[in-house]
Amino acid sequence: MKIPFSWLKAYVPLTATPAALADDLVRLGHEVESVELPRAAVKGVLVGLITSKIAHPDADKLSLLKIDIGSAEPLAIVCGAANMGEGDKVPVATIGTSLPGGITIKKGAIRGETSCGMCCSEVELGLANESAGLLILPLDAPVGMEVGEYLALEEALFDLSITPNRGDCMSARGIARDLAADAALSFTDVGGKELLLDASIGAPQVVVSEHECPLYMARKIDGITVADSPQWMQSGLILAGMRPVNGVVDVLNYVMLTMGQPMHAFDANSLNGDIAVRSAVAEESFSALDGRVLKLHAGDLVVSDDHGVIALAGIMGSEATAVTDATTTIVLESAFFKPSRISETRRTYAMVSEASMRFERGVDPAMVSIAMQQATALLIELFGGVAGEVTVRGDADSINSGGRVVCSIARIESRLGVEIPVALDDTLVRMGFGIQRAGDSLAVTVPSFRHDVSIAEDLSEEYARIVGFDAIPSLLPPLATSAPAKPDSAIHDAVAGGFLQAVTYAFISAEEQRLFVADDGLDIILENPISDAMSVMRRSVWPGLLNAAKRNLNRQQPGVALVEQGRAYQRTATGHDESSVLAWLMTGEVVSDQWHSSARSADFFDLKGAVETWLSLRGLTGRFIADDTIQGLQPGQSAKILVGRAEAGRIGRIDVDIAASFDIDTPLFVAEINLDLLSDGKQAKFVPLQEFPAVERDLVFLFDKSNAAEAILNAVRSAGGKLLADARIFDLYQGKGVAAGKVSLGVRFSLQNAKRTLTQADSDAASTAIIAAMEKRFGAVLR
């Protein structure tokens, strides 16, 4: 937001320099983006009188001028412009002057003639983007006077960034009020001007629901002659960053920038019937001033007449009711719209306007009426016409009224780290607050324009602004010590196993959810999804990894190995549950073809080994139990993962049909572990190298095919006793000599004692125990 210095001085007798004022604004919590100095930018440019003009002897388009700037001798200047003559007064940049465009004037020779300065156009002075020649000054311009002073160029232009909670400072009046209160200067507020009203001009008929709009005012002005606004107003608007449009629009923009109240004017002759402030009907059409044609949503706040929408409330008017040069009667609108309604509509259509920025932050309810009077007076003064009575719907006193904050002074002092003397209360009173102290108790009445102050912390901020944030000691508060959080190395260990980390969206489609999770009514469905493909919160990470694998394979990657650590979401009776999950995916080549070997594709055991390695790094052991009921996985190539007594995860090959739906025709293996179900693993301990040799034995049994290998090995480990060091299945045979429904398994186990060499008796005892266990538990027959 840009504010000319002169606008601030209209409210407060400021004597500080622009630089000092910028420091004060920063201390008061208003970020100063920049301070421009238009008048200082043309310092050294003086009013000059052309006393002589002759043609350049060696250039047809150049002239030799003698110019009086009030010095002892006139200046000799070579000039290429053609729109001046003897007796004209023009801006003259003297030697050493630096102009806004970066040009520094030096004495030089042009086509053999000495030139001791430069005559300036509006472009060189930074007053316009283009010009047809020199700027010809009025004949009464004093010779030798600084041009910046004569043209009354703005002394300074402040570019401020106002925080969203300070809607009261989105105007020159609001900023001036803060500065006046801070410096204990008088504040000249603008009151509503007395107007002569014409009773014959009917007041507009307005229908407003208090729920839709707490305060709405409308007035008709008849007999107006639309023309350009005066130059002083146009210059101010341009400095403030707005484009002059026509006299009526310029006046309303001027009132908004200076007083903070956005207003709108309708061409009264284009209105049909009563004005209504209401919610839009779905698919209702609106043609905006910026040329856009919108299909509105149900609930958008609009202003309408009997024929349709004439404005998006607080944002933009319609093209059909805009004020033009042919307009003779207008209806002025001044209102307080609820910030939340304006913000919602503005975001929906990405329509940002100066009005919407102020309504979103919250305008001062008291200014609705005052701005109406001020704008009416300016319009009649500049463009004639007579005004009728104001139609009022709502009550300004009921908006943001009765705000009161009660807290202890000690609480504020503790928060800020500085004392809050009584003298600071006077500044808050000048800012519009009511202050009552009683011992340590502080009771503050909040003005209606400060809706952002509602709790003790807000008061702390107000006192901090007055004290100055630089004056607050930069000391860290005492903090309770705590043990540092244990670093989570889950994803790093998985990546170290040769996988690439993936990060996928937590939103997936309902169809993808059903691939791996049954429809049990526990999905968390988004109310306003980005798209149908992101409509539910995932309960498995696999769909995201499948999409990532598809993209990689489509880009000619021979193999994909991905891992992701994320969250899975599920609805519960009391809300929702989030579980931390680590998921793997592997497909395609794991070994590329070489001169000495062929390429090899991933299989179940590659991924199983990666998961086992990951668990072992945590001191955990996983047991993989075959399970053909896991949804989305291929029967016969799927298992649940048990860690301790917890079913912590699942692993297997993706069903062929599911893989095909992702356009993947290679075997696709996935695994998933719920990290929240893992216990703390065993801490690794140092074990010295064994001094005594191990004894290894092989036993071959005939088992029923229905027995699980994991159960067999667990039984071997249990029967083998304390001497058992390792057990594994080393051979599997089905064929000639083995009955149907049977399988021959070779079990190899090793025995070892750290303190002595084992004997034949030790080996025989272990073998006997294992054989007995196999026969008893599984009915196995030793071969």
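The values are calculated or read from the model by the stated rules, or taken from the named source; none is laboratory data. What you see is a predicted model; the values in this text were computed from it and never measured. Glycine also receives a Cβ, built like all others from the backbone with ideal geometry; neighbour counts cover every protein chain displayed. The accessibility values were calculated without ligands, DNA or RNA, using every heavy atom of the protein model including side chains. Shrake-Rupley method; radii C 1.70, N 1.55, O 1.52, S 1.80 Å.
A few comments on the model shown:
- Residues of the stretch 1-49 satisfying the condition of being in a loop (DSSP other than H, G, I, E, B) and among the aliphatic types (A, V, I, L, M): 1, 10, 12, 14, 16, 28, 37
- Boolean, residue 65 is surrounded by 20 or more Cβ atoms within 10 Å (Cβ to Cβ), touching a residue at least 40 places away in the same chain (Cβ under 8 Å) and in a strand (DSSP E or B): yes
- Qualifying residue in the stretch 100-120 (condition: under 47 Å from the mean Cα position of the chain (by Cα) and either in a helix (DSSP H, G or I) or polar (S, T, N, Q) (or both)): yes
- If you filter the stretch 260-291 down to residues that are within 30 Å of residue 3 (Cα to Cα) and exposed (fewer than 13 other Cβ atoms within 10 Å of the Cβ), you find that the one that is nearest to the chain's Cα centre (by Cα) is 290.
- Selection of the stretch 170-197 for residues being open to solvent by 60 Å² or more (accessible area, probe 1.4 Å), part of a loop (DSSP other than H, G, I, E, B) and touching a strand residue (DSSP E or B) at 6+ places or on another chain (Cβ under 9 Å) yields only 196.
- Considering the stretch 640-658, the residues that are touching a strand residue (DSSP E or B) at 6+ places or on another chain (Cβ under 6 Å) and touching a residue at least 40 places away in the same chain (Cβ under 8 Å) include one that is farthest from residue 681 (Cα to Cα), namely 654.
- All positions within the stretch 740-752 that are over 13 Å from residue 701 (Cβ atoms), of a type in the set (A, V, I, L, M, F, W, C) and open to solvent by less than 60 Å² (accessible area, probe 1.4 Å): 751
- Strands (runs of 3 or more DSSP E) contained entirely in the stretch 530-646, each with at least 3 residues that are within 36 Å of the chain's Cα centre (by Cα): 559-572, 575-591
- One residue alone among 202, 167, 223, 144 is in contact (Cβ under 8 Å) with a residue 60 or more places away in the chain, at positive phi and either exposed (fewer than 14 other Cβ atoms within 10 Å of the Cβ) or not assigned by TED's automatic domain parsing to the domain that holds residue 263 (or both), and that residue is 144.
- So residue 494, is it among the aliphatic types (A, V, I, L, M) and within 25 Å of residue 608 (Cα to Cα): yes
- Single unsatisfied condition, residue 207 versus (1) more than 30 Å from residue 27 (Cβ to Cβ); (2) in contact with a helix residue (DSSP H, G or I) (Cβ under 6 Å, 6 or more places away or on another chain); (3) open to solvent by 40 Å² or more (accessible area, probe 1.4 Å): (2)
- Restricting the stretch 486-529 to residues that are part of a loop (DSSP other than H, G, I, E, B), touching a helix residue (DSSP H, G or I) at 6+ places or on another chain (Cβ under 6 Å) and in contact (Cβ under 8 Å) with a residue 60 or more places away in the chain leaves a set whose member that is most open to solvent (accessible area, probe 1.4 Å) is 497.
- Contact annotation: no residue pair with Cβ atoms under 6 Å, 6 or more positions apart or on different chains, pairs a residue in the stretch 402-430 that is surrounded by fewer than 13 Cβ atoms within 10 Å (Cβ to Cβ) with a partner that is part of a helix (DSSP H, G or I) and among the aliphatic types (A, V, I, L, M).
- A single entry from 729, 712 fulfils the requirement of being open to solvent by less than 40 Å² (accessible area, probe 1.4 Å) and within 60 Å of the chain's Cα centre (by Cα): 712.
- Residue count, the stretch 715-729 (criterion: without any contact (Cβ under 8 Å) to a residue 12 or more places away in the chain and assigned to a helix (DSSP H, G or I)): 1
This table checks each residue for (1) in contact with a Pro (Cβ under 6 Å, 6 or more places away or on another chain); (2) of a type outside the set (Ser, Thr, Tyr); (3) farther than 17 Å from residue 668 by Cβ.
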{"site": "576", "(1), (2), (3)": "no, yes, yes"}
{"site": "580", "(1), (2), (3)": "no, no, yes"}
{"site": "589", "(1), (2), (3)": "yes, yes, no"}
{"site": "594", "(1), (2), (3)": "no, yes, yes"}
{"site": "605", "(1), (2), (3)": "no, yes, no"}
{"site": "610", "(1), (2), (3)": "no, yes, no"}
{"site": "632", "(1), (2), (3)": "no, yes, no"}
{"site": "642", "(1), (2), (3)": "no, yes, yes"}
{"site": "645", "(1), (2), (3)": "no, yes, yes"}
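- Filtering the stretch 110-122 to residues that are farther than 18 Å from residue 74 by Cβ and open to solvent by 60 Å² or more (accessible area, probe 1.4 Å) leaves 111, 112.
- Residues in the stretch 292-306 that are more than 11 Å from residue 349 (Cβ to Cβ) and touching a Leu at 6+ places or on another chain (Cβ under 9 Å) were compared, and the one that is most open to solvent (accessible area, probe 1.4 Å) is 306.
- Restricting the stretch 683-704 to residues that are at pLDDT below 90 and not aromatic (Phe, Trp, Tyr) leaves a set whose member that is farthest from the chain's Cα centre (by Cα) is 691.
- Those residues of the stretch 277-327 which are outside any strand (DSSP E or B), touching a residue at least 60 places away in the same chain (Cβ under 8 Å) and within 23 Å of residue 214 (Cα to Cα), in sequence order: 313
- Against the list (1) in a helix (DSSP H, G or I); (2) surrounded by 20 or more Cβ atoms within 10 Å (Cβ to Cβ); (3) of a type outside the set (Lys, Arg), the condition residue 652 fails is (1).
- Of residues in the stretch 558-580 being β-branched (Val, Ile, Thr) and over 16 Å from residue 546 (Cα atoms), the one least open to solvent (accessible area, probe 1.4 Å): 572
- Residue list for the stretch 77-94, restricted to those being under 19 Å from residue 111 (Cα atoms) and either in a loop (DSSP other than H, G, I, E, B) or open to solvent by 30 Å² or more (accessible area, probe 1.4 Å) (or both): 80, 81, 82
- Pair list, Cβ under 8 Å, 6 or more apart: the stretch 556-575 residue assigned by TED's automatic domain parsing to the domain that holds residue 522, other residue among the aromatic types (Phe, Trp, Tyr): 561/499; 561/584; 562/499; 562/584; 563/499; 563/584
- For the stretch 28-51, taking the residues that are out of contact with any helix residue (DSSP H, G or I) (no Cβ under 7 Å at 6 or more places or on another chain) and at pLDDT 90 or above, the one that is farthest from residue 165 (Cα to Cα) is identified as 51.
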